[in-house]
1. Placing +1 on the Cβ of each Lys and Arg and -1 on the Cβ of each Asp and Glu in the chain, which of Ala92, Val70, Ser128 has its Cα farthest towards the positive end of the resulting dipole?
2. Let's see if you can work this out: charge +1 on each Lys and Arg Cβ, -1 on each Asp and Glu Cβ, no other charges. What is the dipole magnitude of the stretch 1-133 about its Cα centre, in debye to the nearest 20?
3. Going by how many other beta carbons lie within 10 Å of each one, how would you line up Glu148, Glu223, fewest first?
4. Sort His14, His212, His104, His206 so that the residue with the fewest other Cβ atoms within 10 Å of its own Cβ comes first and the one with the most comes last.
5. With +1 assigned to the C-beta of every Lys and Arg and -1 to the C-beta of every Asp and Glu, and no other charges, what is the dipole magnitude of the chain about the Cα centre in debye, to the nearest 20?
6. What is the stretch 160-205 by shape, rounded, prolate or oblate, if you read a ≥ b ≥ c off the alpha carbon gyration tensor as root eigenvalues and call it rounded for a/c under 1.5, prolate for a/b larger than b/c, and oblate otherwise?
7. In debye to the nearest 20, how big a dipole does the stretch 105-172 give about its Cα centre with +1 on each Lys and Arg Cβ and -1 on each Asp and Glu Cβ?
8. Which of Leu231, Gly201, Leu254 sits farthest toward the positive end of the charge dipole of the stretch 129-288, with +1 on the Cβ of Lys and Arg and -1 on the Cβ of Asp and Glu?
Amino acid sequence: MRILLFGAGGMLAHDIIKVFDRDEVVVSDLKAVGDKPTFITDITNFGEVKELMHKVRPGLVINASAFTDVDACEDDVDLAYSVNAKGPENIAMACKEYRIKLIHISTDYVFDGGAKEPYKESDLPSPSGMYGKSKLAGEIFVAKNLKERYILRTALLYGINRDNFVSKIYAKLKNNEPITVPDDMIGSPTWTVELAKMIKGVYRTHKFGTYHAVNTGYCSRYEWAQKISELSGLKGEITPIKSDTLKTKAKRPLFSALDNSKLRAIVPGILSWEDALSGFISELKTKK
Ligand SMILES: NC(=O)c1ccc[n+]([C@@H]2O[C@H](COP(=O)([O-])OP(=O)(O)OC[C@H]3O[C@@H](n4cnc5c(N)ncnc54)[C@H](OP(=O)(O)O)[C@@H]3O)[C@@H](O)[C@H]2O)c1
């Protein structure tokens, strides 16, 4: 199968390319992806998106591109909506025109975090920051324009291709630096390799719709950091703090755990967040 991957230089896309290694993955991003032949395309430009789809004629498009800097989205709302809402709309409209299926990646930040138990797909989104608002608009545009599409909401991604919570805690533990992390921010950590497998699994089902695509279970950032220490065998000083002491620009959901049972019912083998983390720690240990 020929797959067209937008945002191919990103953290998730790196592992999509790895997991879909038996398929032909055509890569596209704003700039060249390593030494891979890359179609330079800005998803906010409908003409560019349409021309690329016409040229490549893929069987499947995966949109892993986004403006993911949550605080920067507060400063540049136009860019946030342009990349996270207009971009997916452009991709969905072009997919419709050429009858191509789409997998679009969204986020737990479409929820406000006021829940007491993991969010289901049937829960009403109500984002509090510009990142979540722009991503929700993207979901709506995709759903409105295309029937044959999967919208996969994921959360707290970590992978080998970019710094993230896990790699930063791991580095601090290695350097014996003290660590402070909130114990009141709760979510579903998800390894990009695992999400890439979920993408592959759901595509095979032909059951289009919106899914929560995360590793199973949830934890606080404090519990997450403790588990990183335990699994890596690196002991360190980890102190719980409250998230309101962090003073970030964007308001983040406190409880944004996602219930993945709808996806688990059709895609077997989704790991718990602890088992996925263990796999990533092994990958980190063999790096360089
Ligand atoms: N990271 C997380 O914890 C997390 C959590 C929940 C959901 N998600 C979602 O998961 C998906 C993948 O996230 P990620 O962390 O892998 O993202 P990422 O590493 O930030 O990668 C996003 C890619 O999209 C590219 N891009 C930005 N603007 C573009 C444009 N106008 N046209 C084409 N490409 C553009 C970026 O290029 P530049 O680097 O040059 O800007 C980058 O290569 C996104 O949809 C994100 O919203 C992520």
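Rule-based calculations on the coordinates, nothing more; no lab input. From a predicted model like this one, the values you see are computed outputs, not experimental measurements. We place every Cβ from the backbone using ideal geometry, glycine too, and count neighbours over all the protein chains shown.
1. Ala92
2. Values: 15 positive and 22 negative charges, 162 e Å.
Here the size comes out at about 780 debye.
3. Details: Glu148 13, Glu223 18.
By the 10 Å Cβ count, ascending, the order reads Glu148, Glu223.
4. Working: His14 20, His212 25, His104 29, His206 10.
Ranking His14, His212, His104, His206 by Cβ neighbours within 10 Å, fewest first, gives His206, His14, His212, His104.
5. Details: 41 positive and 37 negative charges, 159 e Å.
Around 760 debye, computed over the chain.
6. Working: a/c = 5.25, a/b = 2.05, b/c = 2.56.
Judged from the Cα gyration tensor, the stretch 160-205 comes out oblate (a/c at least 1.5, b/c at or above a/b).
7. Numbers: 11 positive and 8 negative charges, 38 e Å.
With only Lys, Arg, Asp and Glu charged at Cβ, the dipole is about 180 debye.
8. Gly201
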